[in-house]
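A short write-up of the structure that comes next.
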Amino acid sequence: MRRGEAKETRSGGNKNHKNGLSDGAKPGVKRRTAAEVTYSILSLDDITRIAVTHALEETLLRRFDGILVMKDGKVGEFGTFDNLMKEKGYFYALFTVTGTSRR
């Protein structure tokens, strides 16, 4: 099977969408370059994107449909940027301690 071709799922259904996974930029990659790569991935249409990042940049995080926050190897929280900030939980603590918050 070639990249982009439809394939059957275990349930027998047809899987006609594309998926993409992006790991966070490595320490040697400049911050600006890492942001450009991430924004490029976000600009792709008709693709499910999963991005792994340690960068807590508000302008970037607001572009995600959902943010899954890991804590102690488990899903700690899930929601949009605004919802997670309103909850003032673990994500809020991580975001505000980085000094990137404008709130």
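The values are calculated or read from the model by the stated rules, or taken from the named source; none is laboratory data. Source: prediction; values computed, not measured. No Cβ is skipped: glycine too gets one built from the backbone with ideal geometry, and neighbour counts run over all protein chains shown.
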Report task. Quick one: in the range 21-44, of everything that is of a type in the set (Ser, Thr, Tyr), outside any loop (DSSP other than H, G, I, E, B) and modelled with pLDDT of 65 or more, which residue is farthest from Leu61 (Cα to Cα)? Result -> Thr33
Requested in this report: Would you point out the residue of the range 48-85, among those that are in contact (Cβ under 8 Å) with a residue 40 or more places away in the chain and either part of a loop (DSSP other than H, G, I, E, B) or at positive phi (or both), that is surrounded by the most Cβ atoms within 10 Å (Cβ to Cβ)?
Outcome: Leu56
**Report entry** Pairs where the first residue, in the range 31-47, is under 14 Å from Asp65 (Cα atoms) and the second is not in a helix (DSSP H, G or I), C-beta under 6 Å, 6+ apart
**Finding:** Ile41/Ser22; Ile41/Arg49; Leu42/Arg63; Ile47/Lys18; Ile47/Gly20
